[in-house]
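Encoded as structure tokens, the structure appears first; notes follow it.
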Amino acid sequence: MLVKKEEIDSWNSEYRLKFINSLSGYKGVHLVATKGENGNTNVAIFNSVVHISSNPARIGFIMRPLTVPRDTYKNIVETGFYTINHVHKSFIDKAHYTSAKFSSDHSEFKHCNLEEEYADSFFAPFVGESSIQIGLKLQDDIELKHSQCRLIIGEVQCVRVKDEYVEEDGQLDLEMSNDVCVTGLNQYSFGHKLVKLPYARVEELPNFKRKKRPDNVVFDEESQTYNAKLLPYGSNVGAPSIQATNLSSWKKRGVTSFNHVLQSKIEQIKVEYDALLSEYEINELVYNAKCDFEPIIGEVYHLYERDNRDERFLSMIPPDTWKRKHLGSFKLNSEKVWSKVRE
């Protein structure tokens, strides 16, 4: 599949939005929480948080163009402080719905039932449900020329994180914290650690042309797991050899079985068609007959033919009480369908 710019530009805007947002792959999900000078709080979900530098510790995120009011941006510019909070599996839905367009005087904390938490005398609120929280002070507000988006860069003032999530080398174990990521705008996923590689140095570059494992070792490159026990056949040298069997007889049995099933279904369709045709004829006969009253559902009525045979009429009089030519007795159901009553 090759898609060129002209085709992308011609797409429906909603389809194009989801496709292009997915192109950059999995992205981290964070809640940016702020408080304005008037004391109103705000929390909004972002998938554009990026590392800027470690010394000094700085983190950035992308703010969309200011073509509409942005409470998060307004509060950050007013006060200079905000927090970035990781999103975990336990509250994905609450975090997602902070993207709804609430008015400025309504806090997403309240409407999405998120805990507004304060610590260390930091001005902006943290999200209580998050176990990895970052307090930041605004450092740079940069407008991106062509898109009119803004890159907001903050210097880390404090970090609140559970001790068990911090590994010996300082790396955070985001799998243990149940961090989630997102593709596009609303498809959330959970990541698993695959491998931890050493710092890349030219002089320590591995020989990528050499096989990592012998041919007789079963290893799935995609999932990066040894999966011999999951295979439906023996994979070691002592396992029975796999030989191709003659499939012609199996095919013949399959065709014969299918033909029997097909013939049975055809016969069933014929029976259902005949029943439907009979039902149609009965209802055409009764509904075309003369009737001077409104039939009651569930009651039995009798169809007669006048002596001159040019008119049929429906009556409540049983056929054994007079000598009219009786064509049959019928009952009306709740779906207004007539059925013939066996005499």
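The values are calculated or read from the model by the stated rules, or taken from the named source; none is laboratory data. Nothing here was measured: the structure is a model prediction, and the numbers come from that model. Reconstructed Cβ throughout: ideal geometry from the backbone, glycine too, with neighbour counts over all protein chains shown.
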- [ ] Mind telling me which of the residues Gly135, Gly184, Gly154, Gly170 ends up being out of contact with any strand residue (DSSP E or B) (no Cβ under 8 Å at 6 or more places or on another chain) and either modelled with pLDDT of 95 or more or surrounded by 13 or more Cβ atoms within 10 Å (Cβ to Cβ) (or both)?
- [x] Gly184
Task: Test for Glu117: is it surrounded by 12 or more Cβ atoms within 10 Å (Cβ to Cβ) and closer than 19 Å to Asn42 by Cα - done: yes
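What tally of residues in region 54-83 results from selecting those that are among the hydrophobic types (A, V, I, L, M, F, W, C) and crowded, with 17+ Cβ neighbours inside 10 Å? If you could, list the steps in order and put the result at the bottom.
Let us first name the residues in region 54-83 that are among the hydrophobic types (A, V, I, L, M, F, W, C), namely 57, 59, 61-63, 66, 68, 76-77, 81.
Within this subset, residues satisfying the condition of being crowded, with 17+ Cβ neighbours inside 10 Å are 59, 61, 63, 76, 81.
Residues meeting the conditions: 5.
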- [ ] Look at region 305-333 and say how many of its residues are of a type in the set (Ser, Thr, Tyr) and within 19 Å of Ser278 (Cα to Cα).
- [x] 1
Open item on the list: Which condition from (1) buried (at least 18 other Cβ atoms within 10 Å of the Cβ); (2) at pLDDT below 95; (3) under 27 Å from Ser189 (Cβ atoms) is the one that Val87 breaks?
Closed with: (2)
- [ ] Please state which one of Ser90, Ser131 is in contact with a Lys or Arg (Cβ under 9 Å, 6 or more places away or on another chain), assigned by TED's automatic domain parsing to the domain that holds Pro69 and more than 24 Å from Glu14 (Cβ to Cβ).
- [x] Ser131
Open item on the list: Tell me whether region 241-250 contains one or more residues that are surrounded by 10 or more Cβ atoms within 10 Å (Cβ to Cβ), at pLDDT 75 or above and under 41 Å from the mean Cα position of the chain (by Cα).
Closed with: yes
Task: Among (1) surrounded by 19 or more Cβ atoms within 10 Å (Cβ to Cβ); (2) free of Cβ contacts under 8 Å to residues at least 60 places away in the same chain, the one test that Pro125 misses - done: (2)
